[in-house]
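Below: one structure, written as structure tokens.
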């Protein structure tokens, strides 16, 4: 972090993520610059952060309108899947397809998106939010759907899984249900609601429940 550049910019407020270095944030505060550190690990937390920031910036009405619009869109997605029994919801793996394989679990905003979109995160039981797994474990858990971030694979990479040892035995690969998502799901910001809608369309195309 370049503190000199921050001083030169004469910032009135620094927005940060609570995952940023505590030492860096403390150094900024020592300069007399207020720091607002977000902790967005779910869609409701996104709306809360917008309202809090709106209050700090003196634009509470605008922030309330924005947060309410997000909540309305979230509720619209959940209305599609609320009637689907838990056992009928598809098992979903989100992560990379190259070694080392990383995924998401409880405590991550991507896990929250998957659950609210009507999926069951196949690694929801792991103790850390961003765990590393091995292919053998993924094969055993046998997800119905695989979601890959836009930066982690190409369509050619996805096609190659049909011949790849281990991968080719997974239900999602056998049935052609491996999808590359847009970049919205990779950032815990306003477009996370777009990601929810995108994942919902993948899991429930045209509002239909996928066969399990």
Hey, can you tell me all the residues within the stretch 117-130 that are surrounded by 16 or more Cβ atoms within 10 Å (Cβ to Cβ) and farther than 23 Å from residue 84 by Cβ? 126
Among residues belonging to the stretch 12-33 that are without any contact (Cβ under 8 Å) to a residue 24 or more places away in the chain and either on the phi > 0 side of the Ramachandran plot or surrounded by 13 or more Cβ atoms within 10 Å (Cβ to Cβ) (or both), point out the one that is farthest from the chain's Cα centre (by Cα). 32
Evaluate the following for residue 126: is it assigned to a helix (DSSP H, G or I) and farther than 21 Å from residue 205 by Cα? no
Is there any pair linking a residue in the stretch 67-78 that is over 11 Å from residue 47 (Cβ atoms) to one that is in a helix (DSSP H, G or I), with Cβ under 7 Å and at least six apart or on different chains, and which? 77/116; 77/196; 77/197; 77/200; 78/116
Any residue that is in contact with a strand residue (DSSP E or B) (Cβ under 9 Å, 6 or more places away or on another chain), in a loop (DSSP other than H, G, I, E, B), closer than 19 Å to residue 198 by Cβ and in contact (Cβ under 8 Å) with a residue 24 or more places away in the chain - is there at least one of those in the stretch 35-50? yes
Hey, among 29, 73, which residue is under 26 Å from residue 110 (Cα atoms) and either in the same structural domain as residue 12 (by TED's automatic domain parsing) or part of a helix (DSSP H, G or I) (or both)? 73
Of the numbered conditions (1) part of a loop (DSSP other than H, G, I, E, B); (2) in contact with a strand residue (DSSP E or B) (Cβ under 9 Å, 6 or more places away or on another chain); (3) free of Cβ contacts under 8 Å to residues at least 40 places away in the same chain; (4) over 29 Å from residue 51 (Cα atoms), residue 179 fails exactly one; give the number of that condition. (1)
Quick check, is residue 195 surrounded by 13 or more Cβ atoms within 10 Å (Cβ to Cβ) and touching a helix residue (DSSP H, G or I) at 6+ places or on another chain (Cβ under 6 Å)? yes
Any idea which of (1) at pLDDT below 95; (2) at positive phi is the one residue 187 doesn't satisfy? (2)
Looking only at the stretch 131-163, and only at residues there that are modelled with pLDDT of 95 or more and part of a loop (DSSP other than H, G, I, E, B), the one that is nearest to the chain's Cα centre (by Cα): 131
Can you find even one residue in the stretch 165-183 that is modelled with pLDDT of 95 or more, over 27 Å from residue 78 (Cα atoms) and surrounded by 19 or more Cβ atoms within 10 Å (Cβ to Cβ)? yes
Looking at the stretch 101-116, which of the residues that are touching a helix residue (DSSP H, G or I) at 6+ places or on another chain (Cβ under 7 Å) and over 16 Å from residue 45 (Cα atoms) is surrounded by the fewest Cβ atoms within 10 Å (Cβ to Cβ)? 101
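The values are calculated or read from the model by the stated rules, or taken from the named source; none is laboratory data. All values reported here derive from a predicted model rather than from experimental measurement. Quick reminder, even Gly has a Cβ in these numbers, built from the backbone with ideal geometry, and neighbours come from all protein chains shown.
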